[in-house]
1. Please work out which one of (1) at pLDDT 95 or above; (2) within 30 Å of L32 (Cα to Cα) is the condition N87 fails and give its number.
2. Return the residues of region 137-158 that are assigned to a helix (DSSP H, G or I), more than 16 Å from V268 (Cα to Cα) and not charged (D, E, K, R); say none if nothing qualifies.
3. Which of the residues that make up region 275-318 are more than 16 Å from D243 (Cβ to Cβ) and touching a residue at least 40 places away in the same chain (Cβ under 8 Å)?
4. Confirm whether V113 is β-branched (V, I, T), more than 23 Å from the chain's Cα centre (by Cα) and assigned to a helix (DSSP H, G or I).
5. Could we say that A303 is within 22 Å of E117 (Cβ to Cβ) and either at pLDDT 95 or above or not in a helix (DSSP H, G or I) (or both) here?
6. Can you tell me which of (1) crowded, with 22+ Cβ neighbours inside 10 Å; (2) within 11 Å of the ligand (Cβ to nearest atom) is the one W129 doesn't meet?
7. In this structure, is V266 in contact with a Cys (Cβ under 9 Å, 6 or more places away or on another chain) and among the β-branched types (V, I, T)?
Amino acid sequence: MNDHVAKIRNLAGLATPMALRVAVTLGLPDRLCEGASASSVAAELRVSPVSLELLLGHLASLGIVERVAEGYRTTEFGATLRADAGNGLTNFLHLDMAGGRADLAFVELLHSVTTGESGYTHRFGKDFWTDLTEQPHLRASFDEQMTHRFRSQIPGLVAGFDWGRFTKLVDVGGGHGTLLAAILAAHGSLRGHLVDLDPTATEATRTFSLFEVQDRAQVTASSFFDPLPAGADAYLLCDILHDWDDANAHRILARCVEACTPASRVLVIEALGGRQDNTEFDLAMLAIFGGRERRLDEFHALASAHGLALETAVVLTEQRNLLEFRLA
Ligand SMILES: C[S@@+](CC[C@H](N)C(=O)[O-])C[C@H]1O[C@@H](n2cnc3c(N)ncnc32)[C@H](O)[C@@H]1O
């Protein structure tokens, strides 16, 4: 029984997740790569030397830093948290970047579970997207996080579906455009049109140039709550609907259907909900956005309200499915 208590205390502890995030925010794994004393780092950072020593003590117990003659030094394990490690972790954990800030919404999980609403909005007084618009460094870090998360998945997303049967694809909320660019690069007769908010949309034009598909890729900086480019034969929503509650998901789908021709398809790429392996992410969508990973039956209900019928469901990668809807 005591084992159970210890295990649960361990699972429930907030100290370690926050210690790691504060370490990244202060850049400790970078500053300590050659070894330094707590007092010299504290003076450099203008933080409390006593408190920093306590933090470093806990980081040492985790194996992130080790005690050496001059003070503390980042271990090989801790170097995973260095900004130049190339794994996206610092961007994800830094408390003043989009990912780290967004996770603070978990402190408001009780509010989200009680009301079904975003803990982020409850905590910061504005929703995630408004915060990104008001703080450009958060927007830049979120876009980078989004691009990084798909690095290994893009080949599967491109190869797992016959994109080449379309002539014009609108990527609704397409971010920096890495997915659309890869799809266009793989299908020379396909034209693409990305819609997202600025400055993200403008950045996507750079991606299209980088992939040398700029002559077939159009970009519109606007909201998907406003009218979308009309008449394309496919409208892609990749990791969009899970960011929104049902009311807003309906508004987005309505804009897609309004822009569709009778033969157009609406394509939804997401991780399907109701699976046991993704429960932490389910809670993140709830706490940050008041959204969720919807189950297949929930997608049916959402889409059928707009006259959309599910035509095919394809497993693209371990983490993402594609649902193809046509107008019934
Ligand atoms: C989770 S990201 C997904 C980005 C991209 N589809 C991908 O899979 O990499 C959600 C995207 O929705 C965009 N977005 C949020 N609100 C929007 C709005 N009102 N209109 C257009 N895009 C919006 C964000 O800027 C962001 O690029």
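1. (1)
2. Applying the first criterion (assigned to a helix (DSSP H, G or I)) to region 137-158 yields 137-149, 154-158.
Those left that are additionally more than 16 Å from V268 (Cα to Cα): 137-149, 155.
The answer is H137, L138, A140, S141, F142, Q145, M146, T147, H148, P155.
3. Kept after step one, since they are more than 16 Å from D243 (Cβ to Cβ), are these residues of region 275-318: 275-277, 279-280, 295-297, 300-301, 303-318.
Within region 275-318, A303, A305, H306, G307, L308, E311, V314, V315, L316, T317 qualify.
4. Numbers: β-branched (V, I, T): yes; more than 23 Å from the chain's Cα centre (by Cα): no; assigned to a helix (DSSP H, G or I): yes.
So V113 does not fit the description; no.
5. Numbers: within 22 Å of E117 (Cβ to Cβ): no; either at pLDDT 95 or above or not in a helix (DSSP H, G or I) (or both): yes.
Answer is no for this residue.
6. (1)
7. Values: in contact with a Cys (Cβ under 9 Å, 6 or more places away or on another chain): yes; among the β-branched types (V, I, T): yes.
Here the answer is yes, as V266 does meet what is asked.
Let's see how each residue does on (1) among the acidic types (D, E); (2) modelled with pLDDT of 95 or more:
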| residue | (1), (2) |
| --- | --- |
| Q153 | no, no |
| W163 | no, yes |
| K168 | no, yes |
| D171 | yes, yes |
| G175 | no, yes |
| L179 | no, yes |
| A182 | no, yes |
| A186 | no, yes |
| L190 | no, yes |
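The values are calculated or read from the model by the stated rules, or taken from the named source; none is laboratory data. In this text, all values refer to a predicted model and were calculated from it rather than measured experimentally. Heads up, the Cβs are rebuilt from the backbone with ideal geometry, glycines too, and the neighbour counts pull from every protein chain shown.
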